[in-house]
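One structure is given below, encoded as C-alpha cells.
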Amino acid sequence: MLGWYVQAGYDLLRDSRSAHQLIPYVRYERVNTQRGVAAGFSANPATDLTITSIGAAWKPLPQVILKVGYQIHSTAADTGVNQLNGSLGWLF
C-alpha cells in the first residue's frame, strides 16, 4: 500500500476585522491499496487512485466549520466517480 497527499489553503478574511474565516483549498492525493501483491496475483488497476479536491471552509465561529468540496477521482482502470461533499464540524 502507498499513499500521500499535499494540500494548500489560504484564509481570505485574514486581514479583515471579521472573526470569520473563509479558506478555499485544493488537495492532491495518490492512493494505491494494491501497490504490491503476492506472487500469482495481479493488482486491480481500480485501486490505483488519484483524487483532486477543490473546496472551501467557512468558520463563522472559532468552534464551528462548514465545508463544501468537489472531488475528481481518477483510477488506472478509468472507473473513478467524482463526488460533491458537504460537512459541518464543531469543537466541544
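The values are calculated or read from the model by the stated rules, or taken from the named source; none is laboratory data. Treat the numbers as computed from the prediction; the structure is a model and nothing was measured. For neighbour counting, all protein chains shown are included, and Cβ atoms are generated from backbone atoms with ideal geometry for every residue, glycine included.
Remarks
- Looking across region 13-32, the residues that are surrounded by fewer than 14 Cβ atoms within 10 Å (Cβ to Cβ) and among the hydrophobic types (A, V, I, L, M, F, W, C) come down to ALA19, VAL26.
- Out of ILE72, ILE54, ILE65, one residue alone is farther than 21 Å from TRP4 by Cβ, without any contact (Cβ under 8 Å) to a residue 40 or more places away in the chain and within 17 Å of the chain's Cα centre (by Cα). It is ILE65.
- Evaluation of ARG27 against (1) in contact with a Lys or Arg (Cβ under 9 Å, 6 or more places away or on another chain); (2) at pLDDT 95 or above; (3) charged (D, E, K, R) (one fails), failing number: (1)
- Condition met for VAL26 (hydrophobic (A, V, I, L, M, F, W, C) and either assigned to a strand (DSSP E or B) or under 15 Å from GLY3 (Cβ atoms) (or both)): yes
- Pick from region 52-83, criterion of a type in the set (A, V, I, L, M, F, W, C) and in contact with a Pro (Cβ under 9 Å, 6 or more places away or on another chain), ranking: surrounded by the most Cβ atoms within 10 Å (Cβ to Cβ): ALA57
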